[in-house]
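The values are calculated or read from the model by the stated rules, or taken from the named source; none is laboratory data. These numbers were taken from a predicted model, which means no experiment stands behind them. Cβ coordinates were reconstructed from backbone atoms using ideal geometry, including for glycine residues, and neighbour counts include every protein chain displayed. Remember, those area values only see protein heavy atoms, side chains included, never the ligands or the DNA or RNA. Shrake-Rupley method; radii C 1.70, N 1.55, O 1.52, S 1.80 Å.
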Amino acid sequence: MGVTYKNLAVLLLSIVIAAFWIGNGQADGEVNFPMPRDKIYLEECGGCHTAYAPGLLPARSWRKMMNELEDHFGEDASLEEPQQLAVLRWLTDYAADASNATPLMRRIAASIPRDAAPQRITETALFKYMHDEVPAYIWKRAKIGSPANCGACHTRANEGRYAEREVRIPK
Amino acid sequence: MIRHALILSLLFAVQAHAETPQQILDGLVQEARRAQQGFTASATRGEQFYRARQTGGDAESCATCHTQDAKAHGRHNKTHKDIAPLAPVANKERFTDPAKVEKWFRRNCKEVLGRVCTGPEKADFTAYMLSIK
């Protein structure tokens, strides 16, 4: 079998497919969260802040939050009922304690006391542990401003991706 | 042929929901006239409103988050999330979806003024945004 254009084309295609597969694959599975596949979530929640991965909090946290949207961290973020129900569904389906949770999500769920329904991701044990090396002055940089601004450093946070190699800390 | 028909019908489907910023402004002026007969929108009043310091809500003014230059990227006062430019000249998506315009007036008026905006306020504000070149 000699080198033909066909062989070369097949080889090239295989390389491209493999590269694509590796690039998008579960190599960083531990730090990738399933995300709502619906623009409602990105538009309604991601309009004001990072579209946080539902897997960062347990379902009971999200239920409490979605019941108190008129006073959402001091702001009125209330939604129309159809949107409210759709968002709640995504949040509970992909919550840290959902049945299809990844190992990291299960770790998050296990670290939260059963009788607690934390509302701030930054108050959970895993968040604190993962960010303990970040000094206070970095959080205060103009382009970051607050630990709630995941997307400032986690460039693909809106896709549920928090891999360390995708972190770019703005100057 | 079928594909052409499909693409054409898709185009129409998209257009049915999208409006031009001028159409959105016209709609808001109509709404304002129901509250105030003979109302005409003023970009100058809109600009004053945009920059004015308010006391009713959490954010001091519209410019707190959208910055003094509505063509520039803004930043949410609490979450620090980047906000795309508000002026249509810098961001073609702005003022093209009536439902979105209503939603953000509702949320942001509450955040700045602590109340909903009046029809004339919304029309003036929009006139100012459209006047920015």
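Can you confirm whether region B:72-88 contains a residue that is in a strand (DSSP E or B), within 14 Å of chain A (Cβ to nearest Cβ) and aliphatic (A, V, I, L, M)? Reasoning before the result, please.
Filtering region B:72-88 for residues in a strand (DSSP E or B) gives B:74-75, B:82-83.
Still in the running and within 14 Å of chain A (Cβ to nearest Cβ): B:74-75, B:82-83.
Filter once more, so that each one left must be aliphatic (A, V, I, L, M): B:83.
Within region B:72-88, one or more residues are in a strand (DSSP E or B), within 14 Å of chain A (Cβ to nearest Cβ) and aliphatic (A, V, I, L, M).
Selection of helices (runs of 4 or more DSSP H) fully inside region A:60-132 by the criterion of at least 2 residues being more than 14 Å from every other protein chain (Cβ to nearest Cβ) and touching a Ser or Thr at 6+ places or on another chain (Cβ under 6 Å) returns A:125-130.
Evaluated against (1) in a helix (DSSP H, G or I); (2) within 14 Å of chain B (Cβ to nearest Cβ); (3) surrounded by fewer than 13 Cβ atoms within 10 Å (Cβ to Cβ), residue A:142 falls short on exactly one condition, (1).
Looking across A:64, A:39, A:6, one residue alone is under 29 Å from residue A:167 (Cα atoms) and open to solvent by 60 Å² or more (accessible area, probe 1.4 Å). It is A:39.
Scanning region B:42-54 turns up no residue that is over 17 Å from residue B:25 (Cβ atoms) and within 13 Å of chain A (Cβ to nearest Cβ).
Any residue at all in region A:23-39 that is touching a Leu at 6+ places or on another chain (Cβ under 9 Å) and within 14 Å of chain B (Cβ to nearest Cβ)? Explain how you work it out, then say what you get.
Residues of region A:23-39 touching a Leu at 6+ places or on another chain (Cβ under 9 Å): A:29-33, A:35-36.
Narrowing further to those that are within 14 Å of chain B (Cβ to nearest Cβ): none.
No, every residue in region A:23-39 fails to be touching a Leu at 6+ places or on another chain (Cβ under 9 Å) and within 14 Å of chain B (Cβ to nearest Cβ).
Suppose the filter is under 18 Å from residue A:48 (Cα atoms), hydrophobic (A, V, I, L, M, F, W, C), under 13 Å from the mean Cα position of the chain (by Cα) and open to solvent by 20 Å² or more (accessible area, probe 1.4 Å); does residue B:62 pass it?
Details: under 18 Å from residue A:48 (Cα atoms): yes; hydrophobic (A, V, I, L, M, F, W, C): yes; under 13 Å from the mean Cα position of the chain (by Cα): yes; open to solvent by 20 Å² or more (accessible area, probe 1.4 Å): yes.
Taking the combined requirement at face value, the residue satisfies it.
Answer yes or no: is there a residue in region B:100-123 that is among the charged types (D, E, K, R), more than 14 Å from chain A (Cβ to nearest Cβ), under 20 Å from residue B:29 (Cα atoms) and surrounded by 15 or more Cβ atoms within 10 Å (Cβ to Cβ). Looking for residues that are among the charged types (D, E, K, R), more than 14 Å from chain A (Cβ to nearest Cβ), under 20 Å from residue B:29 (Cα atoms) and surrounded by 15 or more Cβ atoms within 10 Å (Cβ to Cβ), one finds at least one in region B:100-123, hence yes.
Listed here are the residues, each with its yes/no results for (1) farther than 26 Å from residue B:107 by Cβ; (2) open to solvent by 30 Å² or more (accessible area, probe 1.4 Å); (3) touching a residue at least 40 places away in the same chain (Cβ under 8 Å).
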| residue | (1), (2), (3) |
| --- | --- |
| A:70 | no, yes, no |
| A:88 | no, yes, no |
| A:99 | yes, yes, no |
| A:119 | no, yes, yes |
| A:127 | yes, yes, yes |
